[in-house]
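Engineer: What follows is a single structure, and I will ask about it in a moment.
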């Protein structure tokens with residue numbers, strides 16, 4: 001038996017159990033780090049992050065970050081937006097978690113990306129229940 005002890009008063013980023021149980025096990029470890037870092041950025045209200053700054057943080061390329069973002073978009077956890085004529089994402093919206101069915105096929109999440117003129121370069125929330133709502137009080 002292990003005894004876990006936490007005497008640290010550091011800030012904490014909450015990670016939904018559904019992410020840990022159903023999405024993380026099959027994901028590339030580098031992709032998981034990017035998703036967890038995005039949760040931290042939103043929790044800390046750091047909505048001015050860039051692909052370049054994330055790549056520097058992880059000592060990787062911007063293409064590596066984009067690859068991770070596209071993976072999570074394919075899994076239905078993020079929605080990426082693009083500025084006209086750009087090939088890299090300029091906005092990231094967190095989508096509500098959807099429990100994977102027993103068949104192992106991920107249902108298509110409800111799309112509720114705000115159409116209210118929100119800055120496309122910001123990290124935003126979308127949906128009724130999402131990980132970011134834990135921090136925003138929604």
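Engineer: How many residues, within the range 38-57, are in contact with a helix residue (DSSP H, G or I) (Cβ under 8 Å, 6 or more places away or on another chain) and under 16 Å from residue 70 (Cβ atoms)?
Structural biologist: Number of matching residues: 3.
Engineer: So residue 32 clears everything in (1) within 13 Å of the chain's Cα centre (by Cα); (2) over 16 Å from residue 78 (Cβ atoms) except one condition, right? Which one?
Structural biologist: Among (1) within 13 Å of the chain's Cα centre (by Cα); (2) over 16 Å from residue 78 (Cβ atoms), residue 32 violates only (2).
Engineer: Still on this structure, please answer the following. Restricting to the range 7-27, count the residues that are at pLDDT 90 or above and either part of a loop (DSSP other than H, G, I, E, B) or under 20 Å from residue 74 (Cβ atoms) (or both). If you could, list the steps in order and put the result at the bottom.
Structural biologist: Kept after step one, since they are at pLDDT 90 or above, are these residues of the range 7-27: 13-27.
Subset that is either part of a loop (DSSP other than H, G, I, E, B) or under 20 Å from residue 74 (Cβ atoms) (or both): 13-16, 18-27.
Residues in the range 7-27 being at pLDDT 90 or above and either part of a loop (DSSP other than H, G, I, E, B) or under 20 Å from residue 74 (Cβ atoms) (or both): 14 in total.
The values are calculated or read from the model by the stated rules, or taken from the named source; none is laboratory data. Remember, predicted model here, so these are calculated numbers, not experimental data. Cβ sites come from the backbone with ideal geometry, for glycine too, and all protein chains shown count toward neighbours.
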